[in-house]
Structure formats: structure tokens, C-alpha cells
């Protein structure tokens with residue numbers, strides 16, 4: 001397992017697109033910093049960028065990487081390896097690379113700019129953790145999509161659709177619901193809406209640090225306790241773990257039944 | 001060595017394997033033949049666990065192997081289309097294969113045979129089709145496995161390499177290996193095979209020695225014999241089978 | 001000339017020699033405050049030595065100095081009012097007051113100053129008093145360095161830390177006030193100064209002005225109150241160098257302005273408040289060099305506000321910069337630094353070349369449906385805000401900073 005993981009990591013890491021992706025983060029982070037000279041401003045901008053980009057890139061890289069690795073996976077399947085072992089290792093190579101890109105592209109320059117010495121450190125750490133978490137979740141989803149649909153064009157289109165849904169449409173629908181039902185107590189609805197979308201959860205964890213004052217201004221007692229207390233954070237973490245675990249289980253199920 | 005019993009497999013509505021019953025015993029080279037879509041690759045993939053059969057049994061050395069994977073330790077497999085991770089080098093793939101499969105390896109002999117050493121440090125995406133196939137063959141045969149399965153081994157190889165490869169296979173046969181080859185090049189099958197397994201429409205049409213098939217079809221060459229079978233099949237699609245055990 | 005000075009000095013020493021200091025303790029000549037007070041005259045000093053004195057309804061109308069030593073405590077005998085100053089020139093220093101209980105009929109206090117002037121209340125401590133210091137019609141007095149700690153739980157059952165009504169020329173300086181309804185309450189109080197106080201954890205307001213004019217409050221810190229400071233129906237209030245911090249909640253503001261005129265708000269720091277400043281119907285207010293840091297909203301305007309000027313302020317990483325829910329007239333918003341500004345400065349004059357619009361569409365949405373706070377900084381909201389910015393439908397076109405600063409105003 002370790003060896004396949006290593007080689008699929010090598011495979012990913014030598015891809016031109018990974019360099020472009022990492023370079024994009026590096027350039028954006030550095031130029032934002034040069035423009036503003038302000039760590040928290042950079043972190044806020046990078047939050048917006050990474051929350052949108054990590055799921056998108058996770059999905060796009062995930063699908064194409066799977067399609068490109070199909071034959072490699074077949075070759076591995078003729079070896080004395082269990083299917084689970086093969087899938088998790090090949091996927092692992094992808095996930096590690098994506099996380100490394102964010103850590104290098106956003107983390108390194110920020111460290112260089114002295115983020116450790118400022119009060120924004122906790123936001124920085126949450127941002128990196130969430131960027132990695134989203135990369136992991138969405139590349140895993142991409143893997144599932146690609147496994148499910150052998151047609152590349154179809155797989156890619158579905159991946160993009162998934163991104164549109166989670167990154168944009170979902171929030172639009174939530175906002176619409178909130179506006180329509182604004183005369184009713186909305187706490188449960190809101191909490192439900194948050195924990196069902198990993199991008200929202202990642203964002204909430206960050207804005208709970210960034211915009212705590214705004215978050216604390218809110219009527220709903222349930223929502224306030226949710227946002228303010230550790231159990232809210234606990235619920236979010238639990239939900240994020242579920243978001244990783246469920247796709248992993250489907251990967252296992254799909255992997256065990258798929259024909260190559 | 002291998003026994004396949006009543007193996008069925010459908011891909012959606014396409015019923016590919018319709019009850020295959022085969023027993024492959026002992027050593028030697030078996031040519032697995034059949035027209036496109038007859039189920040050759042599917043059958044092999046079922047054996048290797050890449051395709052999960054709908055029903056039936058596959059025994060390898062007496063054990064049912066469906067859902068298992070350890071048995072592949074004793075199998076060397078050359079897949080039909082080999083597009084490997086593009087950014088890895090041949091040498092890395094050989095290292096990877098070594099770490100996956102235990103046992104003695106003999107990659108140096110194969111590298112010498114194909115004169116590959118200068119190509120091993122290049123990325124796979126930069127290799128020619130033929131060289132890629134050579135790396136592929138090296139990967140499949142570097143372990144001294146008792147069973148070797150080759151799916152279209154000659155694809156992309158130049159005549160000299162084909163000859164060297166054939167010699168290598170004959171040597172392996174003499175060392176007591178069981179080798180299963182699928183190919184569309186009849187001369188290659190004729191040249192190498194001791195036995196023929198002919199699939200037609202997802203069923204076994206003929207299994208027996210090469211000479212027996214020629215005798216039955218009253219033809220001089222394998223190519224003609226096969227052509228004749230396919231031709232007669234078109235005229236009267238009956239399911240008369242010739243199986244010699 | 002020398003002679004004159006000499007005679008003044010001589011007279012003073014005679015005078016001070018006449019002033020007597022009386023110690024009160026269980027083993028002293030005077031065992032109670034009353035014994036000492038009864039024989040005291042103007043200018044005398046009564047020194048309460050350590051220990052607790054159960055007293056109530058003391059009235060001081062001689063110009064004495066009352067000093068508490070070694071933690072001497074006046075404890076309300078039956079939970080009523082402790083001490084009333086009813087004459088001029090009284091000084092109370094270093095004494096602890098405790099045990100004034102909530103009373104729904106009478107606003108009992110630790111110290112009440114009634115129609116007096118030239119009083120000083122310094123370095124005293126008030127533990128869990130209903131009202132701590134209650135000034136009515138008092139003038140020219142000083143309340144300094146006191147520690148006023150209440151235990152208020154509900155607004156209806158609690159009193160104010162320093163309560164002033166119809167007063168003039170007060171100095172309230174360097175006090176620590178917590179756990180009351182309002183930390184400091186001013187009603188009809190003019191020409192007074194409030195400085196360097198620390199008011200925190202009060203249920204309603206850290207500092208409250210009603211119908212008070214020409215007052216200043218400078219260098220105070222307001223933390224975690226219902227509302228940091230509320231200024232209502234008042235004129236010419238100067239607010240400078242104060243710190244408004246973490247006033248969190250649904251109706252929690254750093255600073256609440258309601259119907260006030262001609263005020264100046266200069267060099268204050270507002271950080272991490274749900275709303276830094278909430279303004280309702282206030283005119284001719286000057287906002288200058290304030291820092292708004294990481295508030296939910298920096299400024300919320302509601303009701304008509306005219307001729308305000310918002311110049312040279314720093315708006316740093318607030319969730320939302322501004323909300324305007326009524327029409328604004330003749331207001332000036334210019335040369336502020338907005339951390340969310342994404343414009344450019346091609347002519348290098350330190351001012352952005354494109355205007356900054358501080359009122360976003362999402363500001364409105366969040367005002368309507370507070371729960372939508374969870375969508376803050378989401379891609380969808382960014383897109384909607386951008387669309388609104390390109391062609392405004394809901395947000396006012398006329399509220400913008402035409403020349404935002406490129407760097408922080410120092």
C-alpha cells in the first residue's frame with residue numbers, strides 16, 4: 001500500500017497541472033501580501049479563493065486523474081493486491097498531492113510573512129486544515145463520479161455540476177429559503193443547511209474566527225449557541241468526518257463491484 | 001491448473017460470457033482465440049479478478065479465487081492496452097512491481113533481451129509504443145510466476161523483438177510454465193501454441209491441440225481453419241462444439 | 001509682598017491646627033461614626049479604622065473628610081441606603097460600602113449626594129450595592145478611582161453604578177464599574193468630564209447619556225456591556241480616544257446614538273462589536289480618525305441622518321462596513337481606509353482612483369434575515385454583491401467614498 005501510494009504521489013507530483021495549481025496559490029498569496037502588507041487581509045482573500053478553488057480543482061483533478069490511471073489500476077489489479085488497497089493508494093497519491101499544493105502555495109509564503117507571530121494564526125491554521133479537508137472530500141467524490149461513469153466527458157461535466165451545486169447553487173437556495181421563511185424560527189433550518197454542505201462548514205469554521213462579532217449578533221438562541229459553543233464546532237467536525245467517511249465507504253463498495 | 005465452470009457475465013444488456021466451461025491442465029502454451037467480442041479478454045479478466053462474474057466458479061490450483069487476490073502472486077499478466085502512469089519511468093515501475101510482488105526477479109534478463117536499458121529512465125509518456133510494450137512485458141514477466149497470461153503481446157513490437165520474445169516464451173515453456181496467449185495474429189499462435197482454446201459468442205467452441213483443430217477443419221493452416229469456422233458459423237448459426245479433453 | 005504671603009501661610013497653619021482628626025474603632029475614643037461625627041466641625045477628618053460598621057441612613061452635612069483605613073466597611077444595616085451627602089465640601093476616601101439591596105420603591109445607594117457641591121469621592125469600593133453613587137443636583141464634584149462592582153442579573157432588578165441626575169461640572173475619572181444596569185448614567189448632566197474609566201459587564205449600557213449637553217468622555221474602555229455607550233437626546237458631546245470592545249448580541253452596539261446633534265467622535269477604537277456604531281436620527285456628527293476593527297457592522301444608519309462627516313477613519317476587516325436604511329442627506333464620506341477596498345491608485349496620490357461603496361446588498365439581506373449570517377463570505381454572496389455593485393438596485397448610489405485611502409490612516 002505504502003509503495004503504490006508513493007508511486008502514485010510521484011506520478012501526480014510530476015504533472016504539469018499540479019505545478020500550475022501550486023504556482024497559482026503562490027503567486028496569489030504573495031501578490032496579495034505585497035499589495036496589502038496585512039496578514040489578515042491576505043487570509044480573508046485567500047479564504048474566499050481556497051474555499052471556491054479547492055473543491056473545483058479537487059473535482060477536476062480527481063476525475064481526470066482517475067481516467068488517466070484506469071490502465072494503471074487495471075495493471076495493479078492483476079497483482080496480488082486487494083481492490084481496496086489499490087483504490088485507496090491511488091486515491092491517496094492524489095489527495096496528498098492536492099493538500100501539498102495548498103500547503104506549499106498558501107502555507108509557505110504566509111509562514112514567510114510571519115503569520116505565526118500574529119493573532120491571525122488560528123485563522124491561518126483553520127484555513128489550511130479546511131483547504132486540505134475540502135481537497136480530500138471533493139477529490140474523493142470525483143473519484144466516485146469517474147468510477148461510476150466511464151465516459152470522460154460525462155464524468156467531467158458531472159464533476160463541474162457538483163462543484164456548481166455545492167459552491168454556489170446550494171447557498172443560493174439556502175438564502176432563498178431563509179428569505180421566504182423569514183417570519184418563522186430558522187435556527188434548525190440554518191444549522192441543517194450548514195452541516196449538509198462541506199464547503200459551508202469549512203467557511204463557517206473560518207468565519208467563526210473571522211467574524212465572531214457578527215455571528216454573535218444573532219437572534220436565534222439555538223443558532224447563537226451553535227455558533228458560539230464548542231458543540232457547534234464538534235457537530236461540524238463530526239459532519240466533516242462523515243463527509244469523508246461516506247464517500248470512502250462508497251469507494252469501497254463501488255470498488256468491489258466494478259468491472260474493468 | 002485452472003478450471004472455469006459455467007461462467008456467465010453480462011455488461012448491461014450485452015451477454016458476453018454465456019456459460020464458459022474450461023479446464024486448463026499442465027504446462028505448455030495455450031492460444032486463446034476467437035473473433036472480436038467473443039469474450040476472450042472478459043474471461044481472462046474474470047480470472048484475474050478485474051471483472052466480477054455474474055455466476056460460475058473459477059478455480060486456480062484447486063481453490064475458488066473469486067474475490068481473492070493472493071493467488072495472483074503466481075500469475076504474470078500482460079494487459080492488452082497498457083497506458084501506464086505517464087510521469088513515472090520504467091525503472092520506477094519495475095521498482096514498484098518488485099515491492100508489490102515478492103519473490104526473485106529477473107528484470108535484467110528481459111531488459112537485455114529487449115535492449116531497454118537506455119529507455120528506463122525516461123518518463124513513460126516519452127517512450128514509443130513499442131518500447132512501452134517492452135517495459136510492459138518486462139513488468140509482466142520479471143517475476144518467475146508459474147502461470148503467464150499475455151493479452152496481445154506482439155502489439156507494437158518489431159519483428160526482431162517478436163522473435164526474441166517468442167524464443168523467451170519457448171524457453172519458459174521448457175521450464176515448465178503454463179502460458180496463455182490471446183492474439184489476432186494467427187501465425188504467432190500457430191508458431192507458439194501447443195493447444196488452442198477457441199471462443200465463439202461467449203462459449204467455448206473448440207479446445208484441443210492445434211493439430212486436432214487442423215484435422216477437424218481439414219485445413220493446412222490455423223488461419224484458414226479459423227476462417228472456415230467463422231464462415232460456417234455465419235451460414236448456420238448452430239451451436240455445435242468441438243471440445244477435446 | 002513677602003509679608004502678605006507670610007500672613008496667608010500663617011493663617012492657614014492656624015486654620016489647619018484647628019482641624020481635628022478623629023479615629024473611629026472599637027477601642028478608640030469614638031467607637032462609632034456617629035460619636036465622631038457629632039463632635040466634628042467643618043474641616044475635621046474622621047478616620048474609620050479597619051472593621052465593618054453596620055450603619056444606615058447617615059446624613060453628612062458638615063464639610064468633613066471621611067477616610068476608610070485598613071478596609072473599613074460601611075455595611076447597610078437592613079439593606080437600605082448608607083450615606084447621604086447633603087452639604088458642600090465633603091470628601092470620602094478609601095471606604096468600602098456594601099449590602100445595599102434592590103428596592104423597587106426607593107433607589108437606595110451606597111452614597112447619595114444631594115444638592116451639594118465640591119465633593120470628592122475617591123478610592124472607595126462599592127460591593128454589590130443596588131445603586132453605588134447617586135448624584136442628584138450635584139455640582140463641581142469628583143468621583144475618582146472607585147471600584148464599583150455589582151452583581152446585576154436582570155435589568156429590572158438592578159441599579160446604576162454612577163447615577164447622575166440634574167448635575168453640572170462633574171469629573172468621573174479612573175473608576176472601574178461592572179455588574180450594574182448602566183455603568184454610568186447621566187440625565188440632564190452638563191459640562192461634565194468622564195475619563196479613563198473601565199466599564200464592563202453591565203447589563204444595559206456601559207455609559208448612558210440622556211438629555212445631557214456639553215459633556216466629554218475621553219480614554220474610557222467599554223467592554224462586554226449590553227451596549228458600550230448610549231448617547232440619546234443630547235448635544236455637543238465629545239467622544240474621544242475611547243475603546244469599545246466586544247459588545248456582543250442582537251441589539252448590542254459599541255456606541256448607540258439616538259437623536260443627538262453636533263457631537264464629535266474622534267480617535268476611538270471599536271473592535272469586535274456586533275455593531276460598532278448604531279445611529280438613529282443624528283445630525284452634524286463628525287467621525288474622524290476612528291478605527292473600526294473586525295466588527296459585525298461598522299456603522300448602521302437608521303432614520304434620517306444629516307450633515308454627518310465620516311473622514312479619515314480606518315475600516316479594518318469588518319464583516320460588513322455599513323448599512324443605510326433611510327435616506328441620508330448631505331453627508332460626507334471621504335478619505336477613509338477600507339480594508340475591503342479593491343481599487344487602484346494609478347496617480348500615486350495615496351487615494352484610490354475608483355470610489356468605494358461601503359453598503360453591500362448582503363448588508364440588507366442580513367438586516368432582514370439575521371440567520372443569513374451563515375452565508376457571509378460565500379461565493380454566492382460575493383457574486384450577488386458584485387452584480388449589485390455593477391448595477392445597483394437595492395443599495396444607495398449616493399453613499400460612497402469617492403477617494404478612499406490606499407493605506408491605513410495613522
For the stretch B:143-161, does any single residue satisfy the condition of being in contact with a strand residue (DSSP E or B) (Cβ under 6 Å, 6 or more places away or on another chain), in a helix (DSSP H, G or I), within 21 Å of residue B:85 (Cβ to Cβ) and within 14 Å of another protein chain (Cβ to nearest Cβ)?
no
Filter result for the condition that a residue is exposed (fewer than 14 other Cβ atoms within 10 Å of the Cβ) and more than 20 Å from the chain's Cα centre (by Cα), over B:127, B:160:
B:160
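Are any residues in the stretch C:377-393 within 13 Å of chain A (Cβ to nearest Cβ) and part of a loop (DSSP other than H, G, I, E, B), and if so, which ones?
Within the stretch C:377-393, the first condition is being within 13 Å of chain A (Cβ to nearest Cβ), and the residues that meet it are C:377-387.
Across the stretch C:377-393, the qualifying residues are C:377, C:378.
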Reported set for the stretch B:93-114 where residues are over 15 Å from residue A:6 (Cα atoms) and either in contact with a strand residue (DSSP E or B) (Cβ under 7 Å, 6 or more places away or on another chain) or within 11 Å of chain A (Cβ to nearest Cβ) (or both) is B:101, B:102, B:103, B:105
Going through the stretch C:356-369 in order, the residues found to be assigned to a loop (DSSP other than H, G, I, E, B), touching a strand residue (DSSP E or B) at 6+ places or on another chain (Cβ under 8 Å) and more than 15 Å from residue C:388 (Cα to Cα) are none
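Condition first: in contact with a strand residue (DSSP E or B) (Cβ under 8 Å, 6 or more places away or on another chain), on the phi < 0 side of the Ramachandran plot, away from chain A (no Cβ under 14 Å) and assigned to a loop (DSSP other than H, G, I, E, B). Can you find one or more residues in the stretch C:337-350 that meet it?
no
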Top-ranked residue of the stretch C:111-127 - restricted to ones that are within 20 Å of the chain's Cα centre (by Cα) and not in a strand (DSSP E or B), ranked as surrounded by the fewest Cβ atoms within 10 Å (Cβ to Cβ):
C:123
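Any residue in the stretch C:99-110 that is at positive phi and not in a strand (DSSP E or B)? Can you show your working first?
Of all residues in the stretch C:99-110, those at positive phi come to C:99.
Adding the requirement that they be not in a strand (DSSP E or B) leaves C:99.
Within the stretch C:99-110 (the criterion being at positive phi and not in a strand (DSSP E or B)), the answer is yes, since at least one residue qualifies.
For residue A:12, state whether it is without any contact (Cβ under 8 Å) to a residue 12 or more places away in the chain, within 12 Å of chain B (Cβ to nearest Cβ) and under 25 Å from residue B:97 (Cα atoms). Break it down stepwise before answering.
Working: without any contact (Cβ under 8 Å) to a residue 12 or more places away in the chain: no; within 12 Å of chain B (Cβ to nearest Cβ): yes; under 25 Å from residue B:97 (Cα atoms): yes.
Criteria not met by residue A:12.
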Condition test on residue A:167, is it in contact (Cβ under 8 Å) with a residue 40 or more places away in the chain and more than 19 Å from residue C:378 (Cβ to Cβ)?
no
Test result for residue C:374, part of a helix (DSSP H, G or I) and within 35 Å of the chain's Cα centre (by Cα):
yes
Filtering the stretch A:56-73 down to residues that are over 14 Å from residue A:152 (Cβ atoms) and either more than 10 Å from chain B (Cβ to nearest Cβ) or out of contact with any helix residue (DSSP H, G or I) (no Cβ under 7 Å at 6 or more places or on another chain) (or both) yields A:56, A:57, A:58, A:72
Select, from B:48, B:33, B:78, the only residue that is more than 12 Å from chain A (Cβ to nearest Cβ), in contact with a strand residue (DSSP E or B) (Cβ under 8 Å, 6 or more places away or on another chain) and crowded, with 21+ Cβ neighbours inside 10 Å.
B:33
Being within 19 Å of residue C:216 (Cβ to Cβ) and without any contact (Cβ under 8 Å) to a residue 40 or more places away in the chain narrows C:279, C:311, C:266 down to just C:266
Please go through the stretch C:50-74 and pick out each residue that is more than 15 Å from residue C:112 (Cα to Cα) and outside any loop (DSSP other than H, G, I, E, B).
C:52, C:53, C:54, C:65, C:67, C:68, C:73
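Restricting the search to the stretch C:239-260, which residues are within 11 Å of residue C:228 (Cβ to Cβ), outside any strand (DSSP E or B) and within 10 Å of chain A (Cβ to nearest Cβ)? Reasoning before the result, please.
We begin by selecting, within the stretch C:239-260, every residue within 11 Å of residue C:228 (Cβ to Cβ); these are C:239, C:242-248, C:252-256.
Now restrict to residues that are outside any strand (DSSP E or B): C:242, C:246-248, C:252.
Once the filter is applied, which keeps residues that are within 11 Å of residue C:228 (Cβ to Cβ), outside any strand (DSSP E or B) and within 10 Å of chain A (Cβ to nearest Cβ), the stretch C:239-260 yields C:246, C:247, C:248, C:252.
Taking the stretch A:178-207, which residues are assigned to a helix (DSSP H, G or I), farther than 16 Å from residue A:50 by Cα and facing chain C (nearest Cβ under 10 Å)? Even if it seems obvious, please write down each step before you answer.
Start the filter on the stretch A:178-207 by keeping residues that are assigned to a helix (DSSP H, G or I), which leaves A:178-180, A:187-195, A:198-207.
Now drop any that are not farther than 16 Å from residue A:50 by Cα, which leaves A:178-180, A:187-195.
Listed by number, the residues that qualify are A:178, A:179, A:180, A:187, A:189, A:190, A:191, A:193, A:194.
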Look through the stretch C:261-298, keep the residues that are more than 16 Å from the chain's Cα centre (by Cα), outside any strand (DSSP E or B) and away from chain A (no Cβ under 11 Å), and return whichever of them is farthest from residue C:309 (Cα to Cα).
C:281
Return only the number of the condition from (1) under 16 Å from the mean Cα position of the chain (by Cα); (2) at pLDDT 85 or above that residue B:81 does not satisfy.
(2)
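Go through the residues of the stretch C:219-231 one by one and say whether even a single one is touching a helix residue (DSSP H, G or I) at 6+ places or on another chain (Cβ under 9 Å), within 14 Å of another protein chain (Cβ to nearest Cβ) and within 26 Å of residue A:212 (Cα to Cα).
Of all residues in the stretch C:219-231, those touching a helix residue (DSSP H, G or I) at 6+ places or on another chain (Cβ under 9 Å) come to C:226.
Next, only the ones that are within 14 Å of another protein chain (Cβ to nearest Cβ) stay: C:226.
Okay, now just the ones that are also within 26 Å of residue A:212 (Cα to Cα), so C:226.
Scanning the stretch C:219-231 turns up at least one residue that is touching a helix residue (DSSP H, G or I) at 6+ places or on another chain (Cβ under 9 Å), within 14 Å of another protein chain (Cβ to nearest Cβ) and within 26 Å of residue A:212 (Cα to Cα).
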Being in contact with a strand residue (DSSP E or B) (Cβ under 8 Å, 6 or more places away or on another chain) and either at negative phi or within 12 Å of another protein chain (Cβ to nearest Cβ) (or both) is the requirement here; does residue B:90 meet it?
no
For residue A:78: the one exception among (1) without any contact (Cβ under 8 Å) to a residue 24 or more places away in the chain; (2) more than 25 Å from residue A:52 (Cβ to Cβ); (3) more than 12 Å from every other protein chain (Cβ to nearest Cβ):
(3)
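Take the conditions assigned to a helix (DSSP H, G or I), surrounded by fewer than 16 Cβ atoms within 10 Å (Cβ to Cβ) and away from chain C (no Cβ under 11 Å) and apply them to residue A:125. Does it pass?
So residue A:125 passes the test.
The values are calculated or read from the model by the stated rules, or taken from the named source; none is laboratory data. Just so it is clear, the model here is predicted, and its values are computed rather than measured. Heads up, the Cβs are rebuilt from the backbone with ideal geometry, glycines too, and the neighbour counts pull from every protein chain shown.
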